[in-house]
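Remarks on the structure that follows.
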Amino acid sequence: MIVEILSAVVVAGGVWMGSALRVVKQYERGLVFRFGRVRPKVRGPGLAVLWPVADRLQKVNLQIVTMPVPAQDGITRDNVTVRVDAVVYFKVVDPVLATVNVQDYRAAVGQVAQTSLRSIIGKSDLDDLLSSRERLNQGLELMIDSPALDWGIHIDRVEIKDVALPETMKRSMSRQAEAERERRARVISADGELQASHKLAQAAATMADTPAALQLRLLETVVQVSAEKNSTLVLPFPVELLRFLDAATPRPPAAVPPEPPAAADPETNGRVTPAPRRPGDAQPQPD
């Protein structure tokens, strides 16, 4: 009988010790509710001793929570329909406020992040959403952090992940970017032509003052062209020099063609019939 009583006492003591002792991890903090009232002292990591019936321990995680914000459809200030999603990094800095002031701080932060994202879309232009991400992230962080301070939550950072555009807007932006690049290419090419013309004008002025420079340049060009094996070199030759050489060259006398022999006439018994005279020939003298 005594052994049974001792066994019952040991079992009851073990159950009491099991219900009175709790382990709080390093990244957690423990809130003790005694008869429904929260104790001001927060239990740190380690072993926490509670009153078995009066106390109830609730653990709060202090790690940074990564919460993705679902993509939100909105219209920008310049009337462009976009779809934007983001991610929020936050953590609990006051376990008492996070437990007492708000029922579910995760859901509360998620809803505030969605509404703030829609608001920031309506206040921004499309170019700001695409190029000024850092400024928009800071503004979004301030909008979420303001109500979260009363909940014992600190917003570490907010990042806009992606901005989805309609296909028509993507094509328009592509054409705009292509036209801008072509414009820059034309401006650069025209600038190069302008600089080259200035340099050529300076070179022409120098060659006009020194005519030998033009001849040296011509010889240098000939050397460069002759280095190519498969090229044909054509040198300019002044026409005046050709005319001078043609006029200075002596011309040979014109050759007189011989007269054809007279043909024998059968009616005159083999006598030679003189050839008919041509206009302008000398008259034969009588014997």
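The values are calculated or read from the model by the stated rules, or taken from the named source; none is laboratory data. None of the values given here were measured: they were computed from a predicted structure. Positions of Cβ are generated from backbone atoms using ideal geometry, with glycine treated the same way; all protein chains shown enter the neighbour counts. Just the protein is used for accessible areas: all its heavy atoms, side chains included, with ligands, DNA and RNA removed. Shrake-Rupley method; radii C 1.70, N 1.55, O 1.52, S 1.80 Å.
Could you please let me know if Val163 is farther than 13 Å from Val88 by Cβ, in contact with a helix residue (DSSP H, G or I) (Cβ under 8 Å, 6 or more places away or on another chain) and outside any helix (DSSP H, G or I)?
When the stated conditions are applied, Val163 passes them.
Being of a type in the set (Ser, Thr, Tyr), exposed (fewer than 10 other Cβ atoms within 10 Å of the Cβ) and in a helix (DSSP H, G or I): is that true of Thr115 here?
Spelling it out, it is not the case that Thr115 is of a type in the set (Ser, Thr, Tyr), exposed (fewer than 10 other Cβ atoms within 10 Å of the Cβ) and in a helix (DSSP H, G or I).
Within the range 188-226, how many residues are open to solvent by 80 Å² or more (accessible area, probe 1.4 Å) and under 42 Å from the mean Cα position of the chain (by Cα)?
Residues in the range 188-226 being open to solvent by 80 Å² or more (accessible area, probe 1.4 Å) and under 42 Å from the mean Cα position of the chain (by Cα): 9 in total.
Going by the conditions given, is Val60 under 17 Å from Val93 (Cβ atoms), surrounded by 12 or more Cβ atoms within 10 Å (Cβ to Cβ), of a type in the set (A, V, I, L, M) and at pLDDT 85 or above?
yes
Hey, can you tell me all the residues within the range 90-108 that are acidic (Asp, Glu) and closer than 18 Å to Met67 by Cβ?
Passing the criteria: only Asp104.
Restricting to the range 49-73, what's the tally of residues that are more than 49 Å from the chain's Cα centre (by Cα) and outside any strand (DSSP E or B)?
5
Restricting to the range 97-124, name every residue that is under 33 Å from the mean Cα position of the chain (by Cα) and either more than 15 Å from Arg83 (Cβ to Cβ) or free of Cβ contacts under 8 Å to residues at least 12 places away in the same chain (or both).
Correct list: Ala113, Thr115, Ser116, Ser119, Lys123.
Give me the pairs, please: first residue somewhere in the range 185-212 and aliphatic (A, V, I, L, M), second residue anywhere and part of a helix (DSSP H, G or I), beta-carbon distance under 9 Å, and either six or more positions apart or on two chains.
Pairs that qualify, where the first residue is aliphatic (A, V, I, L, M) and the partner is part of a helix (DSSP H, G or I), are Ala203/Ala213; Ala203/Arg217; Met207/Ala213; Met207/Leu214; Met207/Arg217; Ala208/Leu214.
Starting from residues that are more than 19 Å from Glu141 (Cβ to Cβ) and of a type in the set (A, V, I, L, M, F, W, C), keep the ones in the range 72-85 and report whichever is most open to solvent (accessible area, probe 1.4 Å).
Ile75
Of the residues that make up the range 87-97, is at least one part of a strand (DSSP E or B) and open to solvent by 20 Å² or more (accessible area, probe 1.4 Å)?
Yes, the range 87-97 contains at least one residue that is part of a strand (DSSP E or B) and open to solvent by 20 Å² or more (accessible area, probe 1.4 Å).
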